[in-house]
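Following: one structure in structure tokens, then a few remarks.
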Amino acid sequence: MVKYYRTDDKKIYEFSELTQGIWIDMINPTVSEGEEVAEKLNIELEDGYTLILIDIPTTEIRHDKEAYTTIPLGIILTADTIITVCTEETSILQAFVNGRVKEFSTKKKLRFVYQILFRVASAYQTSLRVIDKKRTEIEERIDDDTEDIDLIDLHALESTLVYFATSLRANAVVMDRLTRYKVIDNRLNNVMKTLTIVTLVMGIPTLVSGIYGMNVNSKWVPLANVPFGFGIICILILVVCAVMLIVLKKKKFL
């Protein structure tokens, strides 16, 4: 199943087709659905996309009882779209669909990813509290009389904790890489911004000196025959550069 969502005016709406800033939620998709989305977004051939794979907690029937386990959740980021892929419907993503997450926007993809990761961490905490409560109840029963069913339940809880520990270690690696790459992107953006500002400001004296360096009659060149003309031109250049810096600062480029 494939559904399309987008937030507008802080409300989430379901769409019937692809559009800019869309969130594609794929729940146990078929092969044809996966191929259709990949073809529409050119994901198989496009270099500019990011795949984030994490494990999320869920429940399953084990020995005729409900038990916790983990399943993978894939998050794909493209230039204008975020895609989530999971084998089953999960309460983590349903919270976004039902509008229970504040400051949620499908257009702000990276923040959306961090919000998903936060809800995943909260789901693990909730599940671990339930597991700890079950463990306490079993231990209290064992103090009075030990039965085989109690040992089976303890073994099931131990298996769940192994699943959780393995998944949380893998998620920690993903978080570490995601944070590190984001810091690198910020540093690169800051460097490029600085270089752009320097280029804009230095382009002004370069342009003026280039015009005055042309081999033309001096009578056509402003201030060519005026006393202290060179100094006046230098002062004008500094004034223009200062105005440029003020404008860039007001535009929050500095």
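The values are calculated or read from the model by the stated rules, or taken from the named source; none is laboratory data. The model shown is predicted, which means the values in this text are computed figures rather than measured ones. Don't worry about glycine lacking a Cβ; one is built from the backbone with ideal geometry, like all the others, and counts go over all protein chains shown. Remember, those area values only see protein heavy atoms, side chains included, never the ligands or the DNA or RNA. Shrake-Rupley method; radii C 1.70, N 1.55, O 1.52, S 1.80 Å.
So the values come out like this:
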| read-out | value |
| --- | --- |
| Test set (1) in contact with a helix residue (DSSP H, G or I) (Cβ under 8 Å, 6 or more places away or on another chain); (2) assigned to a strand (DSSP E or B); (3) surrounded by 15 or more Cβ atoms within 10 Å (Cβ to Cβ) - THR58 fails condition number | (1) |
| Cβ pairs under 6 Å, 6+ apart, first in region 89-108 and open to solvent by 90 Å² or more (accessible area, probe 1.4 Å), second not in a loop (DSSP other than H, G, I, E, B) | GLU89/ILE27 |
| Per-region count, region 109-162, residues in contact (Cβ under 8 Å) with a residue 24 or more places away in the chain and open to solvent by 90 Å² or more (accessible area, probe 1.4 Å) | 0 |
| Residue satisfying condition, being assigned to a loop (DSSP other than H, G, I, E, B) and out of contact with any Pro (no Cβ under 9 Å at 6 or more places or on another chain), within set GLU35, GLU17 | GLU17 |
| Residues that are assigned to a strand (DSSP E or B) and open to solvent by 20 Å² or more (accessible area, probe 1.4 Å), drawn from region 62-88 | ARG62, LYS65, GLU66, TYR68, THR70, ILE71, PRO72, ILE76, LEU77, VAL85 |
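Quick grid of which residues meet (1) open to solvent by 80 Å² or more (accessible area, probe 1.4 Å); (2) modelled with pLDDT under 80; (3) aromatic (Phe, Trp, Tyr):
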position: ASN186; (1), (2), (3): no, yes, no
position: LYS193; (1), (2), (3): yes, yes, no
position: VAL208; (1), (2), (3): no, yes, no
position: ASN215; (1), (2), (3): yes, yes, no
position: SER218; (1), (2), (3): no, yes, no
position: ASN225; (1), (2), (3): yes, yes, no
position: LEU236; (1), (2), (3): yes, no, no
position: VAL247; (1), (2), (3): no, no, no
position: LYS251; (1), (2), (3): yes, yes, no
